[in-house]
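First comes the structure, then the notes that go with it.
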Amino acid sequence: MRTGGAPSAAERIISTQGSPQTRDDAVPSPADAVEVPVADPSGAASVDDTTAERPKGPRRVGVLLVVAVLAFLIDLGSKLLVVARLENHAPIKVIGDVVTFQVIRNSGAAFGMGQALTVVFTMIASAVIVVIWRIARRLYSLPWAIALGLLLGGALGNLTDRLFRAPGVFRGHVVDFISVQHFAVFNLADSAIVCGGILVVLLSFRGSNPDGTVHQQPEKAEKAERTEK
């Protein structure tokens with residue numbers, strides 16, 4: 001009779017599948033067990049510490065296009081009107097001498113800056129339009145859609161002047177007509193670009209992204225982490 005040690009050949013043969021010995025051998029060790037993920041007790045999805053999950057909803061490309069088209073058409077219509085009615089005429093006083101309407105052909109950028117760089121500004125405007133269109137593919141934020149729509153409409157308005165007005169393609173002079181005393185002469189496209197730019201800065205400062213996520217500032221993320229602990 002064997003009292004210990006390795007099992008004999010007969011014992012190995014008798015220990016077929018289904019016997020207690022075989023069943024014991026088939027039980028996996030704790031190291032072999034498959035780890036099952038445990039759900040968060042709070043039920044909240046795991047997200048990055050600095051970026052919130054993108055909210056569900058449609059893309060806002062349509063809003064961007066509507067805002068851009070409106071800004072472009074208003075700018076274009078105002079330019080056609082003032083060129084037909086005001087060019088080569090005396091300025092029209094709107095608010096005394098503070099705000100007047102007078103047509104000025106501008107070869108530079110917004111507010112008359114860089115008048116010797118007409119072609120450069122034309123290329124920059126074209127690049128801005130391409131960048132905005134690329135961002136639009138992942139645009140889910142309504143405020144960002146409005147901001148980018150204003151930028152796109154304003155850029156298209158002034159680019160149209162660059163392409164189709166004298167003295168030639170890519171060198172056309174932009175029509176400016178809103179004159180503010182001690183400031184500059186500009187048009188509605190310039191106003192749309194400035195408003196859109198300010199809105200972009202405000203949204204970025206608040207941590208909002210075009211795709212609808214909200215990016216926390218490092219200080220806020222660290223404070224939130226300390227609060228959770």
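Overview of results
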read-out	value
Matching residues, the stretch 58-75, being more than 19 Å from Q102 (Cβ to Cβ) and not β-branched (V, I, T)	P58, R59, R60, G62, L64, L65, A68, L70, A71, F72, L73
Qualifying positions in the stretch 138-153 - within 13 Å of G212 (Cβ to Cβ) and not hydrophobic (A, V, I, L, M, F, W, C)	R138, Y140, S141, P143
Boolean, L202 is under 30 Å from R59 (Cα atoms) and free of Cβ contacts under 8 Å to residues at least 24 places away in the same chain	yes
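Every number in this text was worked out from the coordinates using simple rules, so none of it is lab data. None of the values given here were measured: they were computed from a predicted structure. Positions of Cβ are backbone-derived with ideal geometry, glycine not excepted, and every protein chain shown enters the neighbour counts.
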